[in-house]
1. Compute the length gained on full extension between His89 and Leu147: take 0.36 nm times their separation in residues and subtract their Cα-Cα distance, giving the result in nm to one decimal.
2. Around Ile138, under 12 Å between beta carbons, what's the net of Lys plus Arg minus Asp minus Glu among the other residues?
3. Kindly put His144, His39 in sequence by how many other C-beta atoms sit within 10 Å of each C-beta, fewest to most.
4. So, counting K/R as plus one and D/E as minus one, what does the shell of residues with Cβ under 14 Å around Phe112 add up to?
5. Take the residue pairs Lys142/Lys252; Lys108/Lys142; Lys73/Lys252; Lys82/Lys142; Lys105/Lys252 and return only those whose Cα atoms are more than 20 Å apart.
6. If we count every other residue with Cβ under 10 angstrom of Ser196's Cβ, Lys/Arg +1 and Asp/Glu -1, where does the sum land?
7. In nm, to one decimal, how far is the modelled label at Asp128 from the one at Val222, with both set 7 Å along Cα→Cβ?
8. Could you work out the relative contact order of the chain, using alpha carbon pairs under 8 angstrom and six or more residues apart, expressed as a whole percent?
Amino acid sequence: MSPARKLIFTALLLTTGTLYSPLWAQTKDTVKIEKNPLHWRLTARLHSEAIFNYGGRFATGNPSFDINFIIEKNNWGFFLFKGMDLYDHNTFYNFSLISVYKNFKLSKKITFTPYVGSFLEQENGIADQGSDAVIILITTAKLHPQLSFEHMSLFGNLILVPEGRDWVNRFRLSYANRHWDVVSTAWWNNQVLDQSNYWSGGLSVAYSRMKVREHLFLSVGVSGLWMLQSSNAEANPYKNALLLTVAAQLVK
C-alpha cells in the first residue's frame, strides 16, 4: 500500500465526528450525585459519500457508515471507531481505530488532550498490512460559550511502518447554539515526515440534538470539502465532495 493511502488511513480520527458535539443527559432526581461520573456515548452515522474528516481528503463516492463509542471518567477516556464502505468492503474506507486519551485542563478555557492508539486497516481482514500505532494531540480553546477553536496534530505509522510516517494538522472553528452546529475546518499535510503536502478546507452545517427519547438524539447535516493545494496531484488529487449525513446518538 502506498504511503499516500497510509496517510489517508491514519489521518482519520473519530471522533467524535465533525458534525456532532457531546450530548450528556442530566438527571435532576438522582438521590446520590457522583463527583466524577462515568459518561459514555455511542454514535452511528450514515453518509451519502465519505470524506476523511481528520485528514481532509475525499474517501469514496459510495454510501458509507461509521460507528464510534466513547467512554470517559476522571478525564480519562477510551475511543473506538469503525468505518465501512457499504458497497465495497475491500476499499480503504474499511478500517478501525482504537485509542485511549486523557484531558488536561491547562486553564479555564484551554484543554490539551493526547491520544495513543492503533489504526487497523481492514480491506481484507481484522488487521491488514499497514496497520500501525498513532499519536494524536488536540488543543481546544473556548473562545465563547458557543464558539471554540481546535488544533490537532496526528502522527501516523510510528512503529511497524516507519517509512510511512506522516504528520497531519487540522484547524477547526466550531459554533454550537441550541440545535445548530457549524464547523469550518482547514487541513494541512506539512511534508515534514513524508514527501508530499496539501491544503484542504471544509464546511459542515448540522441540525443536531433532536431528542427522540431519553438519552437518544438524532442529527442531520451537510458537509463540503475542497482540495485547495497539492504538491502531488496523483497521491492527493484535486477532488472535492459534498455529502449528506444522518446520525443517531445514544448518551448516558
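1. Gain on extension, His89 to Leu147, equals 17.1 nm.
2. With Lys, Arg at +1 and Asp, Glu at -1, the net is +2.
3. Ascending number of Cβ neighbours within 10 Å: His144, His39.
4. Around Phe112, the charge tally is +4.
5. Lys142/Lys252; Lys82/Lys142; Lys105/Lys252
6. Here the count lands on -3.
7. So the two model labels end up 3.3 nm from each other.
8. 18
Values in this text are rule-based calculations from the coordinates and carry no lab data. If you're wondering where the values come from, they're calculated on a predicted model, not measured in any experiment. Methodologically, a virtual Cβ is constructed for each residue, glycine included, from the backbone with ideal geometry; neighbour enumeration extends over all protein chains shown.
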